[in-house]
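Since the structure comes first, as structure tokens, the remarks are kept for the end.
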Amino acid sequence: MDSENKKSVAIIGAGIIGVNCAAELQSLGFNVTLLDKAAIGEGCSKGNAGHFASEQVFPLAEVSLLWQLPKLLLDPLGPVALSPRYLPKVLPWFIKFIGNMLKSKRNKNGAALKTLNKHAINYYLPVLKAANAEHLLTQKGSLLVFEQTSFKAVEKQFRHYSEAGIAVKLLNREQVLLLEPNLSDKINYGLYFTSVAHTADPHAICKSIAQYAQTIGAKYQKFVVNKIEHSANKVNLVGDRQTLTFDQIVIATGAWSEPLLKQLNYKLPIEAERGYSLNLEQANQPELTRPVASADRRFIMTPMAQGLRLSGTVEFAGLEQKANMQRADMLYQHAKEMLVDIAPFDTNTAKDEQRWLGFRPSLPDSLPVIGQAPNHLNIFFALGHQHLGLTQGAITGKLIGQIMTKQKTAIDISPFCISRFN
């Protein structure tokens, strides 16, 4: 791109999706400004499980959930919780979610998810190398372990993943404990996803990529976008005290995207799946060498730079309700059952920073929105990555770069267009 004709681009949202878009676009010759109401990586990119979950190629909407949901939702500290007063607001999303359980839709959505995840980790390698952050990615696979599930059901899951092209091994108890000796012998079976990666510091990955983007010329500004004013050649972003003008913008605002898209007359059935994590400090904790998820308990344990992070559960309560940190604390009880000689955790003396709440931006078909706005040719979307924002960050940045430079995209992006909701 001619340096005299560099287009100015604002990326709204400085999470893992936004910083990957910033690094890619700046490297392609755009003048990039990264905007966020908070510091870089302060949302879901900070306290997540650190799991590059490229094995998760099955949409969340599956028929078996219909029989489980009533029981799950009735337990306020269960793996899925619903705030009663939030039910009227979330009901339309649930109806769309159930609609995506149809086999034809599920198969189509699964195929799209698979193409996005297939090489997702490989797309990170050049970005992290450029950012001098290769050490933040560990490729030791991950485990999904089973305590109560029958062998027949575990074997069925194994075949399901294997037939989808996922690199997976079916392990017995002895093989699981050989990989992770500090797990309890209550675990009977495991699925070992051999091509999966994790990071001991997801926040550091986000900040490192942002720092790289800045070293090659991108700028970061703390800025709250209240209004988007669009014309054929320019986009004005109206804030509290000033208006910023750009040639193009990328909206990467995750769970907060719906009001901005509504201004542009696009429907976006997005819901914030609230997820909690609990950080257990290093001292006296049993070591793990890779992420270990529990199929029965529906949570995940990941070794982090500062100790062990317990993450998971889904809570439907919107963006405004106060955090219920009991949902973070309960993760310790699950970990206590799964690990040998775990150090005591006192909820009364725990530090506030050990508990965390993040808002996963989830759409009812489990697919993100990636692409050009159909009616606004200088506006682009990179949002709605549900549980897979960290996983899909680098490939999303690459796709946005290809779309904005009018190159052929690495994969078919038609399943991710906003038009599917409009």
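The values are calculated or read from the model by the stated rules, or taken from the named source; none is laboratory data. Nothing here was measured: the structure is a model prediction, and the numbers come from that model. Using ideal geometry, Cβ is built from the backbone for each residue, glycine included, and neighbour counts are taken over all protein chains shown.
The sole residue among GLU287, GLU229 that is under 30 Å from PRO181 (Cα atoms), more than 17 Å from the chain's Cα centre (by Cα) and charged (D, E, K, R) is GLU287.
State yes or no: is GLY41 surrounded by 21 or more Cβ atoms within 10 Å (Cβ to Cβ) and at pLDDT below 95?
Here the answer is yes, as GLY41 does meet what is asked.
Determine which member of the set ASP412, ASP341, ASP365 is under 30 Å from LEU177 (Cα atoms), of a type in the set (Asp, Glu), out of contact with any Gly (no Cβ under 7 Å at 6 or more places or on another chain) and touching a residue at least 24 places away in the same chain (Cβ under 8 Å).
On the way: ASP412 fails: under 30 Å from LEU177 (Cα atoms); ASP365 fails: under 30 Å from LEU177 (Cα atoms).
Just a single option satisfies the conditions, and that option is ASP341.
Residues in the range 265-282: is at least one under 30 Å from ASN31 (Cβ atoms) and either part of a strand (DSSP E or B) or over 23 Å from the mean Cα position of the chain (by Cα) (or both)? Scanning the range 265-282, I find at least one residue that is under 30 Å from ASN31 (Cβ atoms) and either part of a strand (DSSP E or B) or over 23 Å from the mean Cα position of the chain (by Cα) (or both), so the answer is yes.
Name every residue in the range 397-422 that is β-branched (Val, Ile, Thr) and part of a helix (DSSP H, G or I), in order of residue number. I'd like the intermediate steps shown before the answer.
Of the residues in the range 397-422, the ones β-branched (Val, Ile, Thr) are 400, 403, 405, 409, 411, 413, 418.
Correct list: ILE400, ILE403, ILE418.
Return a yes/no flag: does the range 94-105 have any residue that is assigned to a loop (DSSP other than H, G, I, E, B) and closer than 30 Å to PHE223 by Cβ. No. With respect to (1) surrounded by fewer than 18 Cβ atoms within 10 Å (Cβ to Cβ); (2) without any contact (Cβ under 8 Å) to a residue 60 or more places away in the chain, the lone exception for GLN221 is condition (2). Give the range 131-150 a look and list any residue that's in contact (Cβ under 8 Å) with a residue 12 or more places away in the chain, more than 23 Å from GLY165 (Cβ to Cβ) and exposed (fewer than 15 other Cβ atoms within 10 Å of the Cβ), or say none. Result: ASN132, GLN148. GLY384 meets each of the listed conditions (1) more than 18 Å from ILE16 (Cβ to Cβ); (2) crowded, with 24+ Cβ neighbours inside 10 Å; (3) not aromatic (Phe, Trp, Tyr) apart from (1).
Counting only strands (runs of 3 or more DSSP E) that sit wholly inside the range 316-396, those with at least 1 residues that are farther than 27 Å from LYS207 by Cβ are 369-373, 376-383. When ALA167 is tested against the conditions (1) in contact with a Ser or Thr (Cβ under 7 Å, 6 or more places away or on another chain); (2) buried (at least 17 other Cβ atoms within 10 Å of the Cβ), the lone failure is (2).
Take the range 111-130 and flag every residue that is touching a Ser or Thr at 6+ places or on another chain (Cβ under 7 Å) and either at positive phi or buried (at least 20 other Cβ atoms within 10 Å of the Cβ) (or both). Those that are touching a Ser or Thr at 6+ places or on another chain (Cβ under 7 Å) and either at positive phi or buried (at least 20 other Cβ atoms within 10 Å of the Cβ) (or both): LEU113, ASN117, ALA120.
Could you please let me know if TRP67 is without any contact (Cβ under 8 Å) to a residue 24 or more places away in the chain, farther than 30 Å from TYR220 by Cα and aromatic (Phe, Trp, Tyr)? In short, yes.
To keep it simple, each residue is scored yes or no on (1) within 22 Å of the chain's Cα centre (by Cα); (2) within 30 Å of ILE342 (Cβ to Cβ).
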site	(1), (2)
LYS108	yes, no
LEU136	yes, yes
LEU171	no, yes
LEU177	no, yes
LEU191	yes, yes
SER195	yes, yes
GLN214	no, no
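Can you name every residue in the range 107-153 that is of a type in the set (S, T, N, Q), under 22 Å from ALA61 (Cα atoms) and either assigned to a loop (DSSP other than H, G, I, E, B) or in contact with an Asp or Glu (Cβ under 6 Å, 6 or more places away or on another chain) (or both)?
Looking only at the range 107-153, we keep the residues that are of a type in the set (S, T, N, Q), and these are 107, 109, 115, 117, 122, 132, 138-139, 142, 148-150.
Filter again for under 22 Å from ALA61 (Cα atoms), leaving 107, 109, 115, 117, 149.
Selection gives ASN109, THR149.
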